Each structure stands twice: as structure tokens, then as C-alpha cells.
Amino acid sequence: MQSNSGSDSYSDAGFWKKLKNFALDAGREVIEKALWLYYAAQEKGTPLWAKTAIFSALAYFISPIDSIPDVIPVAGYTDDLGVIAAAIGMVSIHITDSVKEKARQSVKNIFG
């Protein structure tokens, strides 16, 4: 799914590719929070303004160009987590228990 927010930088394929390739480096917390946003954006009741914030944060997450390059051990994903945390703060009302459960299951599948 391409983002409906007008941003051409986000795609489902890019998101899942980033998760698959960098999950262990990024860590469980970053991945789980990114999945909270991903699944919240899939909900029909999530308004366009919230989806725009979500897709912007996820576009930053999957972007190969970061403030702190992802290849730097430990620090590489701190900027991603900061952007994701800011988006979560903005759209937290749309991160329901159902969304968290879907994310939890995906994390379990990714990390075992």
C-alpha cells in the first residue's frame, strides 16, 4: 500500500524489507513501536491527519538517509526511535489494544 498522505517515500514493501533486513540491529523496541504505527495506519477509524503523521515517521524509518546512519552500532537507530516516539505521541489514541496485539504477534514472528 502506498501512503494516501501524498508522501511517495513510504511503501509497505519498503517497510517490511527494512524490518526483515534490520530487525536484529534495530532491536525489539524499535520494531514493535514501528509496528504499532503500521497497524494503527491500517485501521479504518484512523483519520487522515494521523495516517499522515504515521506514514511520515515510517518513511523516515525506512529511508536510507538518516540523521544518524543506521549502520552505526547502538546509536544508529536512536533517531528512528525518536521519530517513531514522536509519532506515537501524536496518534496514541489510535494505537488500540488490538493494534498492540497485532504488533506483538509480528514481533514474535520476527524475533521468535
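For the residue pair SER98 and LYS44, what label-to-label distance in nm results when each label sits 7 Å from Cα along the Cα-to-beta-carbon direction?
Calculated label separation equals 0.9 nm.
Using θ = phi - 60° and the Karplus relation 6.51 cos²θ - 1.76 cosθ + 1.60, list the HN-Hα couplings for region 35-49 in order, rounded to whole Hz, with x at every Gly or Pro.
So the J values, rounded to whole Hz, are 5, 4, 5, 4, 6, 5, 5, 7, 6, 4, x, 6, x, 4, 4.
For region 12-111, treating each Cα as an identical point scatterer without solvent, what Debye log10 I(q)/I(0) comes out at q = 0.14, 0.20 1/Å?
These q points yield log10 I(q)/I(0) values of -0.46, -0.96.
Go through LYS20/LYS44; LYS51/LYS108; LYS18/LYS102; LYS20/LYS51; LYS17/LYS44; LYS33/LYS102 and tell me which ones have a Cα-Cα distance over 20 Å in this structure.
LYS20/LYS44; LYS51/LYS108; LYS20/LYS51; LYS17/LYS44
Show me, for region 97-108, the HN-Hα J-couplings you get by feeding each phi into the Karplus relation (A = 6.51, B = -1.76, C = 1.60, θ = phi - 60°), rounded to Hz, glycine and proline as x.
Values, residue by residue: 4, 5, 4, 5, 5, 4, 5, 4, 5, 5, 4, 4 Hz.
Tell me the relative contact order for region 12-111 as a rounded percent, counting alpha carbon contacts under 8 Å between residues six or more apart.
Result for region 12-111 is 40 percent.
Assuming 0.36 nm per residue, please report the length gained on full extension of the stretch LYS108 to ASP12 beyond their Cα-Cα distance.
Between LYS108 and ASP12, full extension yields 32.6 nm more.
When only DSSP loop residues count, what trypsin sites (Lys or Arg not before Pro) in region 18-64 have their Cβ near at most 10 other Cβ atoms within 10 Å?
LYS44
Every read-out reported here was derived from the displayed coordinates using simple, explicitly stated rules and does not represent laboratory data. Since this is a predicted model, take the numbers as computed values, not measurements. Quick reminder, even Gly has a Cβ in these numbers, built from the backbone with ideal geometry, and neighbours come from all protein chains shown.
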